[in-house]
Amino acid sequence: MANNINANNNNNNLINENKKLRKELNDYKLENEQLKIRINKLIEDNNKLNNELIRGNNTNPNYSQTNDKNTIANLNKLISIKEKEIYDLKIKLNKNNISEGDKLFKFDDIVFIHFISLDQKINCGIKCLITDTFAEVEEKLYRKYKEYRETNNSFIRKGKVVLRFKTI
């Protein structure tokens, strides 16, 4: 008799679990159907928006092949301007490089010579290369102070007269 009661309780438990699982399955089926409906609505809305976009592009007075041609022409013109600007900058860059042929100099090869006149009117530094002659550096100084070109100048370093055609 006890086995019968246990079997009935097991049977009732299985029936209840089966009902619970069927209800859960039906809930999922209902949710699935609602999601399918929502997906179809979204697809429909997306298609409508795409059609409106296509119609809008075709009827938009600002959109035309002529406008595309003008845009392309303007972009080509802008490209030409930028190419010329790049070319000019390359030339300017090449002029500013300190080079001898294609060789660029190291930072250590560049020195500054500081000139101070007795009357203190000249007080400036001139950059040059260690391979430059003093006469070349003197020429750079005279480009800045033209009035001293017409005078007889002597240059002294550590109490000794500088020889003009020696390298720095």
For a quick check of your reading of the model, give me the residue pairs whose first member lies in segment 100-117 and is farther than 13 Å from Thr131 by Cβ, whose second is at pLDDT below 85, with beta-carbon atoms closer than 8 Å and at least 6 apart or on different chains.
Leu104/Asn97; Leu104/Ile98; Ile113/Ile168
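Among the residues of segment 131-141, is any in contact with a helix residue (DSSP H, G or I) (Cβ under 8 Å, 6 or more places away or on another chain) and surrounded by fewer than 12 Cβ atoms within 10 Å (Cβ to Cβ)?
Taking segment 131-141 and keeping what is in contact with a helix residue (DSSP H, G or I) (Cβ under 8 Å, 6 or more places away or on another chain), we get 131, 141.
Checking the rest, the ones that are also surrounded by fewer than 12 Cβ atoms within 10 Å (Cβ to Cβ) come to 131.
The answer is yes; a qualifying residue exists.
Scan segment 129-143 for residues that are under 13 Å from Val162 (Cβ atoms) and not hydroxyl-bearing (Ser, Thr, Tyr) and jot them down.
Asp132, Phe134, Ala135, Glu136, Val137, Glu138, Leu141
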Which residue, of Leu35, Leu93, is of a type in the set (A, V, I, L, M, F, W, C), surrounded by fewer than 10 Cβ atoms within 10 Å (Cβ to Cβ) and either in a helix (DSSP H, G or I) or at pLDDT 80 or above (or both)?
Leu93
Does Ser80 satisfy the condition of being at pLDDT 75 or above and farther than 30 Å from Ile126 by Cα?
yes
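The values are calculated or read from the model by the stated rules, or taken from the named source; none is laboratory data. This one's a predicted model, so the numbers in the text were calculated from it and none came from an experiment. Cβ atoms come from the backbone with ideal geometry, glycine included; neighbour counts cover every protein chain shown.
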